[in-house]
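All remarks here apply to the structure that follows.
The values are calculated or read from the model by the stated rules, or taken from the named source; none is laboratory data. Remember, it's a predicted structure, so these values are computed and weren't measured experimentally. Every residue, glycine among them, receives a Cβ derived from its backbone with ideal geometry; neighbour counts consider all protein chains shown.
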């Protein structure tokens, strides 16, 4: 009895498609996740930079009368939230550091709600030439963790902490 060569390779194309298809789906999901991560990182960096620029413009001797350009941490945090479209304010941790050493760290939503009084930068750190530093940390959660179960024992699985810092000097 003679077998036809066509019948022996009948299931080979299904196996080949499965092997190539799995790797292509993995590659597609990886590309989308990397793009999403880069977008969130650059959005974070832009938002922190925008907040620092806003603070610097409103920081120069603004607590001295008759100037009325003083701002609060709440106002700066609102600028960061507007510039950081797509970053949830319940996940973004922001640190405000003045030259005098006074640091304020809070979630962005808490910065907006709870820091509506008191000027920032404080009066000892708002003269020209003083440095202001605003930092942000955002936890990026990737869906790629489904391919590596058990990863991330010390922190939430699939979470990368993106950080951005902007240090500006109050101009004359």
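Out of the residues in segment 65-89 meeting the condition of being in a loop (DSSP other than H, G, I, E, B) and under 13 Å from residue 55 (Cα atoms), tell me which one is modelled with the highest pLDDT.
Within segment 65-89, the subset in a loop (DSSP other than H, G, I, E, B) is 65-71, 84-89.
Narrowing the set further to residues that are under 13 Å from residue 55 (Cα atoms) leaves 69-71.
Numbers: 69: 67, 70: 71, 71: 82.
That would be 71.
For segment 22-62, which residues satisfy the criterion of being exposed (fewer than 14 other Cβ atoms within 10 Å of the Cβ) and closer than 19 Å to residue 159 by Cβ?
30, 32, 34, 35, 38, 39, 42
Please go through segment 1-21 and pick out each residue that is modelled with pLDDT under 90 and either assigned to a helix (DSSP H, G or I) or closer than 30 Å to residue 73 by Cα (or both).
Start the filter on segment 1-21 by keeping residues that are modelled with pLDDT under 90, which leaves 1-19.
Within segment 1-21, 5, 6, 7, 8, 12, 13, 14, 15, 16, 17, 18, 19 meet the criteria.
Inspect all residues belonging to segment 90-103 and state whether any of them is assigned to a helix (DSSP H, G or I) and modelled with pLDDT under 95. Give the steps one after another, and end with the answer.
Our first condition is that a residue be assigned to a helix (DSSP H, G or I); within segment 90-103, this holds for none.
The answer is no, given that none of the residues of segment 90-103 is assigned to a helix (DSSP H, G or I) and modelled with pLDDT under 95.
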